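For reference, the structure discussed in these notes is given below.
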Amino acid sequence: MIYASSAEWRDAARKRVLLFGMSGLGKTHLAAMLRSAGGWFHYSVDYRIGTRYMGEFIADNFKREAMKVPFLRELLLSDSVYIASNITFDNLAPLSTYMGKPGNPEKGGLPFDEYLRRQEQHRVAEVAALTDTTRFIERAADIYGYDNFICDSGGSICEVVDPWNPSDPVMTELSEHLLLVWIKGSEDHTADLIRRFDRAPKPMYYQPHFLERMWGQYRADTGLVADQVDPDAFVRWTYAQALAHRQPRYQAMADGWGVTVTAEEVAQVRDSQGFNDLIATAIDRRA
């Protein structure tokens, strides 16, 4: 780790942290709090994916749908309108909408092969956005004068790295420049995340072999053919399985490459000093 002790962390002139864990446990909340307090550069991996690496895919999908509407089709063909996504740190809906969900096309579902194709686009984009982190650390200091840097990673980081491989290129690159911090949820948090996702299911990235297994198992359990599957029902069911699938991957990332804080501890942080204390405690706990 780049900080060998809590004292080294507290004394560091340039603090650099990457937060990882399931969405909804406080990564973006902490990053936004530090950004608002001043002195910290907030790098969002999901935002980078949606703008730099998948922005064209997203915009083309909007245009593809617009071309189905005669009024908009004429305007597009004459370059009379401009269509683009308005993705922000707090609103990643354009990216989620593009990723889509497999199943019944009458309910907005995608063919499973197309769904996997978009998943692969996301994997490539996420790896690129993660490896861009080092360059943004330099940019944040050189252009904007920020010494402190926080990377708000996506919940699927554990899907695009091999945390058990000590030579994993993405993990190696990140750990050489940032302190990796896992926000670990409890069983109560897991139940709450499932309830929240059930109210508003959204597309997510998963490893292809996991998705293929889930797709086959769900259809076998329900007796439905592909174009009968309710897209929301499938992603709700898959999300619950994914929490168990991801937990050991996050654990291995923390054990081999970083430190752990709990979601309960994160909820108590109110300012940058509280954040510094949180990380110091985590480093001492690991030591």
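The values are calculated or read from the model by the stated rules, or taken from the named source; none is laboratory data. Bear in mind the structure is a predicted one, so any value in this text is a computation, not a measurement. Ideal geometry is used to build each Cβ from the backbone, glycine not excepted, and the neighbour counts take in all protein chains shown. Ligands, DNA and RNA are excluded from the accessible area calculation, which covers all protein heavy atoms including side chains. Shrake-Rupley method; radii C 1.70, N 1.55, O 1.52, S 1.80 Å.
Computed in the context of the full set of protein chains, the accessible area of the chain at 1.4 Å probe radius has 49% of its extent on carbon or sulfur. Near Y53: Cβ cut-off under 12 Å, other residues only, Lys/Arg at +1 and Asp/Glu at -1. The net charge is -1.
Neighbours of L110 by Cβ distance under 10 Å: Lys/Arg scored +1, Asp/Glu scored -1, total +1. The calculated 222 nm mean residue ellipticity attributable to helices in the chain amounts to -17500 deg cm²/dmol, summing -39500 (n - 2.57) over DSSP H runs of n ≥ 4 and dividing by all residues. May I ask for the percentage of alpha-carbon pairs in region 160-287 that lie more than 23 Å from each other? Cα-Cα pairs of region 160-287 separated by over 23 Å account for 47 percent. For R64, the accessible area of its heavy atoms, probed at 1.4 Å with every protein chain present, is near 130 square angstrom.
Solvent-free Debye calculation, one equal scatterer per alpha-carbon of region 57-119: log10 I(q)/I(0) at 0.11, 0.18 Å⁻¹ equals -0.31, -0.77. Cross-linked pairs K15/K202; K101/K184; K15/K184: Cα-Cα separations exceed 23 Å for K15/K202; K101/K184.
With every protein chain kept in place and ligands, DNA and RNA left out, what is the accessible area per residue of region 163-243? Probe 1.4 Å, answer in Å².
Numbers: 4000 Å² over 81 residues.
Accessible area per residue: 49 Å².
Surface analysis of region 58-136 yields an accessible area of 56 Å² per residue, using protein heavy atoms and a 1.4 Å probe. For W257, the shell of other residues with beta-carbons less than 15 Å away shows a net charge of -1, using +1 for Lys and Arg and -1 for Asp and Glu. The alpha carbon centroids of region 99-123 and region 20-96 are separated by 18 Å.
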